[in-house]
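What follows is a set of notes on a single structure, which appears directly below.
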Amino acid sequence: MKKIVLRSLVFATMLLPLTAHADNWPSRPIKAVIPFGAGSAADVLPRLVFDRLAIELGQPIVIENRVGAGGTIGTAAVAKADPDGYTILAHSSALTAAPALFPNLGYDAARDLASVLMLGSSANVMITPVTRPWKTAQQFIAEARAKPGSISFGSVGIGSAVHISSEKFKLAAGIEATHVPYRGGSEIITDILGGRIDFYFCPLATALPLIRENRVRALVVSTQKRAVELPDVPTPEEVGLKGAESAIWFGVFVPSKTPRDIVDRLYAAGSKVLTEPAMQESLKKLGVETSGLTPEEMDALVARETAATTELIKAAGIKQ
């Protein structure tokens with residue numbers, strides 16, 4: 001009996017530092033890893049939210065852009081980090097493409113990462129040079145079918161959200177198009193404006209000023225419903241395509257063994273920030289909609305999309 005009591009006391013003592021640590025979290029700055037370049041769509045939104053979240057938590061959030069290998073380098077760093085709540089990951093829906101593209105990741109997102117907060121989602125919009133003859137998605141598809149292999153499109157990398165949107169559109173439309181990967185979105189915009197590539201599924205916030213200034217032509221949004229900011233631009237289904245819908249989302253993750261009360265506090269603080277009127281107005285300007293998903297619902301979404309994206313990558317023959 002004495003041995004059982006002693007073991008219980010030892011076990012309880014082992015738990016004390018973790019419990020106390022969780023109770024005091026955060027007591028020092030938090031590092032947020034963004035596995036994409038500064039200024040990208042996957043960087044702008046987290047920075048906006050983290051600036052306000054740092055005030056809510058009472059500690060600075062120090063952002064580290066750790067780029068490379070389709071976002072997997074930064075993701076791996078967080079997956080292997082201490083699960084103490086002081087290293088978090090801001091990722092996008094590109095997270096769901098990695099398992100199919102990188103067979104030797106060194107981490108398993110489903111096992112090694114836990115969802116915390118869905119920052120929001122946005123449409124990509126298919127833009128083309130204004131010098132091209134097509135003015136509608138139907139005209140574009142007809143041209144692409146009539147001249148197989150003559151069409152090219154840009155993306156910010158293999159497996160990126162904009163690449164997945166393009167591949168879904170290609171498969172649904174039954175067209176061929178050459179993928180031209182770029183290092184960043186600004187380079188793609190330059191080549192769209194110069195007429196060197198034919199289309200780009202551009203993040204909505206980046207595309208809006210170009211569309212409003214008539215510098216590019218918008219043919220279709222990637223989502224199931226029209227974007228509020230582009231009420232005249234149709235959805236894939238409205239132009240006769242099924243299965244072409246996609247949205248780019250942005251979320252926050254932590255190492256999977258992070259104490260639950262830290263996850264809960266981070267989720268609560270982040271949810272509060274996202275619902276503030278000033279933040280909602282800022283998100284609206286970026287074309288971002290919040291969803292209010294719980295961590296569990298977000299985990300389920302990531303699992304579903306990982307399976308669907310894996311199927312798409314196999315069907316399209318996408319390889320690194």
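Here are the numbers for the structure shown:
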{"item": "Only listed residue being more than 20 Å from Ala76 (Cα to Cα), under 17 Å from the mean Cα position of the chain (by Cα) and assigned by TED's automatic domain parsing to the domain that holds Asp51, chosen from Val288, Val302", "result": "Val288"}
{"item": "One residue from Ala109, Ala144 being outside the structural domain of Thr223 (by TED's automatic domain parsing), among the aliphatic types (A, V, I, L, M) and surrounded by 16 or more Cβ atoms within 10 Å (Cβ to Cβ)", "result": "Ala109"}
{"item": "Asp232 surrounded by fewer than 19 Cβ atoms within 10 Å (Cβ to Cβ) and not assigned by TED's automatic domain parsing to the domain that holds Ala173", "result": "no"}
{"item": "Residue match in region 1-16 (condition: part of a helix (DSSP H, G or I), among the aromatic types (Phe, Trp, Tyr) and at pLDDT below 95)", "result": "yes"}
{"item": "Set Ser150, Ser155, Ser121: member being among the hydroxyl-bearing types (Ser, Thr, Tyr) and in contact with a Pro (Cβ under 8 Å, 6 or more places away or on another chain)", "result": "Ser155"}
{"item": "Arg265 being surrounded by fewer than 21 Cβ atoms within 10 Å (Cβ to Cβ) and part of a loop (DSSP other than H, G, I, E, B)", "result": "no"}
{"item": "Residues that are at positive phi and under 27 Å from the mean Cα position of the chain (by Cα), drawn from region 139-157", "result": "Gly157"}
{"item": "From the options Thr75, Thr128, residue that is among the hydroxyl-bearing types (Ser, Thr, Tyr) and outside the structural domain of Ser282 (by TED's automatic domain parsing)", "result": "Thr128"}
{"item": "Residue check, Val220 farther than 20 Å from Leu57 by Cβ and either part of a helix (DSSP H, G or I) or in contact (Cβ under 8 Å) with a residue 60 or more places away in the chain (or both)", "result": "yes"}
{"item": "Some residue of region 255-264 being closer than 18 Å to Leu57 by Cβ and among the hydrophobic types (A, V, I, L, M, F, W, C)", "result": "yes"}
{"item": "Residue in region 233-254 that is in contact with a His (Cβ under 7 Å, 6 or more places away or on another chain) and either under 18 Å from Ala42 (Cα atoms) or touching a residue at least 40 places away in the same chain (Cβ under 8 Å) (or both) present", "result": "yes"}
{"item": "Index of the failed condition, Pro133 passing every other in (1) modelled with pLDDT under 95; (2) more than 26 Å from the chain's Cα centre (by Cα); (3) at negative phi", "result": "(1)"}
{"item": "Residue within region 267-276 that is in contact (Cβ under 8 Å) with a residue 60 or more places away in the chain, touching a strand residue (DSSP E or B) at 6+ places or on another chain (Cβ under 6 Å) and outside the structural domain of Ala161 (by TED's automatic domain parsing) present", "result": "yes"}
{"item": "Residue check, Ile189 closer than 27 Å to Ala315 by Cα and outside any strand (DSSP E or B)", "result": "no"}
{"item": "Test: Thr258 is surrounded by 21 or more Cβ atoms within 10 Å (Cβ to Cβ), in contact with a strand residue (DSSP E or B) (Cβ under 8 Å, 6 or more places away or on another chain) and either in a loop (DSSP other than H, G, I, E, B) or not small (Gly, Ala, Ser) (or both)", "result": "yes"}
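Let's see how each residue does on (1) surrounded by fewer than 21 Cβ atoms within 10 Å (Cβ to Cβ); (2) basic (Lys, Arg); (3) not assigned by TED's automatic domain parsing to the domain that holds Thr128:
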{"site": "Lys225", "(1), (2), (3)": "yes, yes, no"}
{"site": "Glu281", "(1), (2), (3)": "yes, no, yes"}
{"site": "Lys284", "(1), (2), (3)": "yes, yes, yes"}
{"site": "Met298", "(1), (2), (3)": "no, no, yes"}
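The values are calculated or read from the model by the stated rules, or taken from the named source; none is laboratory data. Since the model is a prediction, treat every value here as computed from it, not as a measurement. Reconstructed Cβ throughout: ideal geometry from the backbone, glycine too, with neighbour counts over all protein chains shown.
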